[in-house]
Structures are given as structure tokens and as C-alpha cells.
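Peer 1: Okay, here's the structure, questions in a sec.
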Amino acid sequence: KSIGTPFCIWQTEKDKYWKIGKVDFPKDEYNVGSSALLHFLDGKPLTYKNWAEEYYEENFEENELKLELVEKIYNGTTITKELVLEINPELDDFEQLKSDLDEIGYEHKI
């Protein structure tokens, strides 16, 4: 039991698929479940684009997040400095981005 944990997903080294357990939600205001938090991870670039524009609203006031750029990321396109600057022309910490991409194993040429 944990206050504020609306769902749990796990996988052990031997598991082929992710597992979920039965969750008994309390009958109170915190009864949200994973769908409220993970709806934007449905594998559809448009869903993510819409979520990102709402969540990072001020970041996209002057520079629209283009669907074709999100699709490139979803399709595993190698990240380049040029692609990053198309998404966020103000990004300047490429060393941190490189470190983050290395950590998650995303192919890049930064």
C-alpha cells in the first residue's frame, strides 16, 4: 500500500511481458489509475504531441511542435543537433542531452 501510487507495473529478468496486479482502488478523490497518468503513451505521435503542447505550453508559444518531428522520434530516427534545434531552438546543454540519450540507449550523433 502506498498513498499516491495509483498503479504498479513490473517485469523481472525472467519475464517476457510486463505484469500488472489487481488494484483495489479506494473510494476517494485519489481513485485515478494509470489511464489518467499514462494516456499520452499510447504509441501515437499525435497523442504525445497534443499532450506535450498542453503540458509545456509556454515552450511552444513561439515555436510549434511539428507532428513530423515527433513521428521521427517515435520511428527511432537518429537524433542530431539539427533535429533537436528544430524541436527546441533554445536548447544549449547538448552535453546533458547526450548523456541522457546515452543513458536510455537512444541512437544519436551529438
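Peer 1: When both residues are 6+ apart or on different chains and their Cβ atoms are under 6 Å apart, which pairs have a first residue that lies in segment 71-92 and is in contact (Cβ under 8 Å) with a residue 24 or more places away in the chain, and a second that is exposed (fewer than 12 other Cβ atoms within 10 Å of the Cβ)?
Peer 2: Close Cβ pairs (under 6 Å, with a partner that is exposed (fewer than 12 other Cβ atoms within 10 Å of the Cβ)) amount to Thr78/Glu107; Thr78/Lys109; Thr80/Lys109.
Peer 1: Which numbered condition trips up Tyr56, out of (1) at pLDDT 90 or above; (2) within 26 Å of Leu83 (Cβ to Cβ)?
Peer 2: (1)
Peer 1: Another question, then. For residues that are at pLDDT below 70, open to solvent by less than 70 Å² (accessible area, probe 1.4 Å) and not β-branched (Val, Ile, Thr), scanning just segment 15-44, find the one that is nearest to Leu65 (Cα to Cα).
Peer 2: Ranking the qualifying residues of segment 15-44, first place goes to Ala36.
Peer 1: Right, next: Going by what's in this entry, would Leu85 be described as farther than 10 Å from Ile110 by Cβ and open to solvent by less than 50 Å² (accessible area, probe 1.4 Å)?
Peer 2: Working: farther than 10 Å from Ile110 by Cβ: yes; open to solvent by less than 50 Å² (accessible area, probe 1.4 Å): no.
Against the criterion (farther than 10 Å from Ile110 by Cβ and open to solvent by less than 50 Å² (accessible area, probe 1.4 Å)), Leu85 does not qualify.
Peer 1: Pull up segment 65-110, narrow it to residues that are in a helix (DSSP H, G or I) and hydroxyl-bearing (Ser, Thr, Tyr), then point me to the one that is nearest to the chain's Cα centre (by Cα).
Peer 2: For segment 65-110, the residue satisfying everything is Tyr74.
Peer 1: On to the next question. Which members of segment 51-64 meet the condition of being without any contact (Cβ under 8 Å) to a residue 12 or more places away in the chain and part of a loop (DSSP other than H, G, I, E, B)?
Peer 2: Passing the criteria: Tyr56, Glu61, Glu62, Glu64.
Peer 1: Of these, Thr47, Thr12, which one is of a type in the set (Val, Ile, Thr), part of a loop (DSSP other than H, G, I, E, B) and at pLDDT 85 or above?
Peer 2: The match here is Thr12.
The values are calculated or read from the model by the stated rules, or taken from the named source; none is laboratory data. Just so we're clear, the structure is a prediction, and the values are computed from it rather than from any experiment. Here Cβ is always computed from backbone atoms with ideal geometry, including for glycine, and neighbour counts include all displayed protein chains. Side chains included, ligands, DNA and RNA excluded: accessible areas come from the protein's heavy atoms. Shrake-Rupley method; radii C 1.70, N 1.55, O 1.52, S 1.80 Å.
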